[in-house]
Amino acid sequence: MIIKILLIAALAAAAVVLVRGRRTALNLLVRRAMMLAAIAAGVVAVLVPDTVTDVAQLVGVGRGTDLVLYLLVVTFLFTTIGLYLRLSEMHDRYVELARRLALHEADEDAHRQDRAELT
Amino acid sequence: MPTTPVTDAAVVIPMHNEATVIADVLADVHRRFTHVVCVDDGSRDDCAAIARAAGAHVVRHPQNLGQGAALETGIRHALARLDVDYVVTFDADGQHGVDDAADMVELARTSGVQVVLGSRFLGAAEGITGSRRAVLRAAVRFTRSTTGLEVTDAHNGLRVLRRDAADQVRLRLHGMSHASEILSIIASRGFSYAEHPVTISYSDYSMAKGQRSYNALNIIFDLMVNRLRAAA
C-alpha cells in the first residue's frame with residue numbers, strides 16, 4: 001500500500017511542476033541529486049539484483065521488475081513535463097528574437113543609422 | 001457611402017501564403033485606410049512583394065512563428081513606426097469588411113473605449129456552416145464564463161485597439177489561441193471595450209485557410225495551462 005501513496009504523491013508533484021515549474025537553483029540541485037541517486041541505485045541494482053525485490057516488497061510491490069517499471073513511468077512523466085516547459089520557454093525566446101530581427105529589417109531609419117556608423 | 005480615408009489607424013494584417021488574395025484585400029483596405037502593416041509570417045509565396053507593391057508596410061518573419069506572433073509584431077511595428085492612435089487587426093483572407101473596420105475605429109473615437117471587438121453574431125455571418133456556428137457559440141459561452149466579458153463573439157479577427165491598450169498586448173500562445181488570449185488580456189487589465197456588428201464572408205478560401213473545429217480543444221488546453229501558470 002505504501003507504493004500507492006508514493007505513486008499518487010509523485011503524480012501530484014508532476015502536476016504541480018506542470019503548473020508552476022520555474023527554473024530555480026533549488027530545482028537544479030534537486031534534479032542533480034536525483035540523477036546521482038539514480039546512478040548509484042542503478043549500480044547497486046546491477047551488482048546486487050535481489051535488493052530491488054527486497055525494496056519492492058518493502059513498499060508493497062510483488063516483483064522488483066514491477067517497481068522498476070513504476071519508477072520508469074514516473075521518471076518519464078517528469079522528464080516530459082520538464083522538456084515541455086523548457087521547449088515552451090525556448091520557443092518564447094526564439095519568437096522574440098525572430099521578431100526583433102524582422103522589426104529591425106523593416107526599419108529603414110535603423111539601416112541608415114547602421115550605414116552612417118560604418119562610414 | 002462616405003469614403004474619407006482613416007489616417008489615425010493602422011491596419012495590421014498577418015499573412016501566411018496569401019499571394020492569391022492579398023492584392024484584392026489590400027486594394028479594398030486602402031480604399032478606407034492610409035496605413036497598412038502586413039506581417040509576412042514566413043510565407044513560401046511572394047505575398048510580401050505583392051503587399052509591398054500595393055503600398056503596405058511589410059515586416060517579414062524569418063520563419064513561421066504563428067498568427068499570434070505575427071499580430072504582435074505588426075502591432076509593435078505600427079506603434080513604433082507610425083503616428084497612429086488606433087491599431088486594427090484584420091485577417092488576410094478577405095473575410096472581414098473594410099467598412100466595418102472603419103466604422104469600428106469611428107466607434108472607438110466617439111465612445112472613448114480602449115478596445116472595439118467585431119461580432120459576427122450581432123451582425124451577419126455569410127456562408128457559415130452549422131457545425132462552425134455551434135463551435136463558435138460554445139466558445140462564446142466558454143469565454144463569458146472564464147473571463148467575465150459580456151461578449152457575443154469569441155474568435156473574431158477584426159478588432160480595434162487604442163494605442164495604450166495595443167501597447168500592452170503580448171501574445172504567447174501558439175496556434176490560434178491568441179484570439180482568446182487577447183480577450184483574457186482585456187479582462188485582466190480591465191480595458192474598456194465595446195462590440196460592433198460585423199459581417200463575415202465565409203468563402204471556400206477562408207474556410208480552407210481557417211482552423212478545424214476540433215482545434216477548440218487545443219485552445220482550451222492552452223488557456224487552462226496558461227491561466228494556472230499565471231495564477232501560480
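For B:ASN17, the stated conditions do not hold, so it cannot be described as surrounded by 15 or more Cβ atoms within 10 Å (Cβ to Cβ), at pLDDT below 95 and within 18 Å of B:HIS178 (Cβ to Cβ). Would you be able to say whether some residue in region A:11-24 is assigned to a helix (DSSP H, G or I), within 14 Å of chain B (Cβ to nearest Cβ), touching a Gly at 6+ places or on another chain (Cβ under 9 Å) and β-branched (Val, Ile, Thr)? The answer is yes; a qualifying residue exists.
Across region B:100-110, not a single residue is classified as at pLDDT 90 or above, out of contact with any strand residue (DSSP E or B) (no Cβ under 7 Å at 6 or more places or on another chain), acidic (Asp, Glu) and not in a helix (DSSP H, G or I). Scanning region B:70-99 for residues that are closer than 28 Å to A:ASP109 by Cβ and in a helix (DSSP H, G or I) yields B:ALA70, B:LEU71, B:GLU72, B:THR73, B:GLY74, B:ILE75, B:ARG76, B:HIS77, B:ALA78, B:LEU79, B:ALA80, B:ARG81.
Please go through region B:1-39 and give me each residue that is assigned to a loop (DSSP other than H, G, I, E, B) and not β-branched (Val, Ile, Thr), ordered by number. Those that are assigned to a loop (DSSP other than H, G, I, E, B) and not β-branched (Val, Ile, Thr): B:MET1, B:PRO2, B:PRO5, B:HIS16, B:ASN17, B:GLU18, B:ALA19, B:ARG31, B:ARG32. With respect to the conditions (1) within 14 Å of chain A (Cβ to nearest Cβ); (2) over 17 Å from the mean Cα position of the chain (by Cα), B:VAL135 falls short on a single one, namely (1). Do you know which residues across region B:40-69 are within 13 Å of chain A (Cβ to nearest Cβ), in a loop (DSSP other than H, G, I, E, B) and among the small types (Gly, Ala, Ser)? Those that are within 13 Å of chain A (Cβ to nearest Cβ), in a loop (DSSP other than H, G, I, E, B) and among the small types (Gly, Ala, Ser): B:GLY42, B:SER43, B:ALA56, B:GLY66. Of all residues in region B:178-216, those satisfying the criterion of being under 16 Å from B:ARG137 (Cα atoms), surrounded by fewer than 18 Cβ atoms within 10 Å (Cβ to Cβ) and at pLDDT below 80 are B:GLN211, B:ARG212, B:SER213, B:TYR214, B:ASN215. Residue-level check: of (1) at pLDDT below 90; (2) part of a helix (DSSP H, G or I); (3) surrounded by 22 or more Cβ atoms within 10 Å (Cβ to Cβ), B:ARG137 misses just (3).
Yes/no per residue for (1) surrounded by 11 or more Cβ atoms within 10 Å (Cβ to Cβ); (2) within 14 Å of chain B (Cβ to nearest Cβ); (3) in a helix (DSSP H, G or I); (4) β-branched (Val, Ile, Thr):
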| site | (1), (2), (3), (4) |
| --- | --- |
| A:THR53 | yes, no, yes, yes |
| A:GLY62 | no, no, no, no |
| A:LEU69 | yes, no, yes, no |
| A:ILE81 | yes, yes, yes, yes |
| A:GLU89 | yes, yes, yes, no |
| A:VAL95 | yes, yes, yes, yes |
| A:ALA110 | yes, yes, yes, no |
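Taken residue by residue, region B:78-95 has at least one member that is buried (at least 24 other Cβ atoms within 10 Å of the Cβ) and within 14 Å of chain A (Cβ to nearest Cβ).
The values are calculated or read from the model by the stated rules, or taken from the named source; none is laboratory data. Small disclaimer: the values here were computed from a predicted structure and weren't measured. Quick reminder, even Gly has a Cβ in these numbers, built from the backbone with ideal geometry, and neighbours come from all protein chains shown.
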